[in-house]
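Novice: If you scroll down you'll find the structure; I have some questions about it.
Each value in this text was obtained by applying a stated rule to the coordinates, not by laboratory testing. Given the structure is predicted, the values throughout are model-derived calculations rather than measurements.
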Amino acid sequence: MDFEKNFQKLKLLVDRLEGENLGIEDSLKLYDEAIKLGKSCIDSLKESKGKLELLNKDLSKISLDPEEE
């Protein structure tokens with residue numbers, strides 16, 4: 001699943017945890033799911049950061065000066 005979907009699910013879980021009067025078992029289940037989604041979002045962001053760093057490295061190798069080609 002992609003970052004946006006996981007992040008939206010995470011926001012919904014947080015809203016439920018903050019807004020609903022849930023029992024301890026339901027709260028723990030939602031909290032556990034929220035933690036997993038949060039980790040997934042963080043992993044997606046780290047992966048994206050790595051890809052951006054590689055792209056920026058490649059971009060820095062490109063010369064805009066026609067004499068350097």
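Novice: Before rounding to the nearest 500, sum -39500 (n - 2.57) across all DSSP H runs of length at least 4 in the chain and divide by the residue total; then give [θ] at 222 nm in deg cm²/dmol.
Specialist: Rounded to the nearest 500, the figure is -28000 deg cm²/dmol.
Novice: Select one label from (1) 11.2, 35; (2) 19.6, 69; (3) 20.3, 70: the one whose number is Rg and Dmax of the Cα atoms in Å as derived from the coordinates shown.
Specialist: Among (1) 11.2, 35; (2) 19.6, 69; (3) 20.3, 70, the one derived from this structure is (3).
Novice: Of 29/49; 36/57; 11/36; 5/36; 9/46, which ones are farther than 21 Å apart at the Cα? Display every interim value, and only then the final one.
Specialist: Working: 29/49 30 Å; 36/57 32 Å; 11/36 13 Å; 5/36 13 Å; 9/46 19 Å.
The answer is 29/49; 36/57.
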